[in-house]
Each structure stands twice: as C-alpha cells, then as structure tokens.
1. Identify, please: which residue in region 42-56 is under 11 Å from the mean Cα position of the chain (by Cα) and of a type outside the set (Val, Ile, Thr) and is, among those, nearest to GLY10 (Cα to Cα)?
2. Test ALA65 against the stated conditions and say whether it is touching a helix residue (DSSP H, G or I) at 6+ places or on another chain (Cβ under 8 Å), without any contact (Cβ under 8 Å) to a residue 40 or more places away in the chain, surrounded by 14 or more Cβ atoms within 10 Å (Cβ to Cβ) and assigned to a helix (DSSP H, G or I).
3. If you scan region 34-45, which residues turn out to be in a helix (DSSP H, G or I) and exposed (fewer than 12 other Cβ atoms within 10 Å of the Cβ)?
4. From (1) exposed (fewer than 13 other Cβ atoms within 10 Å of the Cβ); (2) over 22 Å from ASN3 (Cβ atoms); (3) modelled with pLDDT under 95; (4) not polar (S, T, N, Q), pick out the condition that doesn't hold for GLY26.
5. State the number of residues belonging to region 75-99 that are under 17 Å from LEU8 (Cα atoms) and of a type in the set (A, V, I, L, M).
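The values are calculated or read from the model by the stated rules, or taken from the named source; none is laboratory data. It should be emphasised that the depicted structure is a prediction, and the values quoted were computed from it without experimental measurement. As a convention, Cβ positions derive from the backbone with ideal geometry for all residues, glycine included, and neighbour counts pool all protein chains shown.
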Amino acid sequence: MANWKEILGGEGQMVGTLWKEHPDLGAAFSQLQKANFKEKVLSVKQKEHIAVALAIAARCDGCIAHHINAAIKAGCTREELVEVAGVAILMGGGPSNYYASKALQAFDEFTAEA
C-alpha cells in the first residue's frame, strides 16, 4: 500500500527540482493553477472533484495525492469521492478502477488523523 503523505511530499520535491532548473515553467504552472482554482462559477470543491477524476484517469500517483489532499481541504467527503471515482472509471476504463481504489486509500490516509 502506498504512503500517500510521502508521495505528496516527494511530489513537491521532484517538481521543485524541475522548476529550479526551469523557473519560467514553475512560475507559469503556478500561475495557471492559481487562475484555475479561484472560486468562480464552479466552487473550489467542484474543481477538485474534476481534478481528482482526471488524476485517476491519467493514472498519476502524485496528482492523486495532491488533488485528494486539496479536495479534503475544500470539504470533499468520502461519499463524494466514491461518485467522482465512478465517473473517472467510466471515462478511463479498467485501469482507472485500480487508480480509483488508490484514490480512496489516499483519502483514508489523509483523513485518518483529521
């Protein structure tokens, strides 16, 4: 079983290394993320639901860790995550079933101490 807190910390370190060597990329990506996660027509929680579904369909552990953590902070419940996972499986096929299970593990780990 993955250690999702470790993955979350390692993700930042890996990306930080890349951005240190390509600071324009880091600045541009950070700006893109800030622009997209502002509260507008969709709430931050709704946007995190979308990001989690895409992370599952893309089979990206670092993305799952980051966006599950952010979704929890935005108020996402386990029940909502289960529905989000279902949509991700619909769109991503069989492999997304495995990554949806990983997303639930991440949710459980991040909320265990909350």
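1. Here the answer is ALA55.
2. Numbers: touching a helix residue (DSSP H, G or I) at 6+ places or on another chain (Cβ under 8 Å): yes; without any contact (Cβ under 8 Å) to a residue 40 or more places away in the chain: no; surrounded by 14 or more Cβ atoms within 10 Å (Cβ to Cβ): yes; assigned to a helix (DSSP H, G or I): yes.
Taking the combined requirement at face value, the residue does not satisfy it.
3. Taking region 34-45 and keeping what is in a helix (DSSP H, G or I), we get 34-36, 44-45.
Those that are in a helix (DSSP H, G or I) and exposed (fewer than 12 other Cβ atoms within 10 Å of the Cβ): LYS34, ALA35.
4. Against the list (1) exposed (fewer than 13 other Cβ atoms within 10 Å of the Cβ); (2) over 22 Å from ASN3 (Cβ atoms); (3) modelled with pLDDT under 95; (4) not polar (S, T, N, Q), GLY26 comes up short only on (1).
5. Residues flagged as under 17 Å from LEU8 (Cα atoms) and of a type in the set (A, V, I, L, M) within region 75-99 amount to 0.
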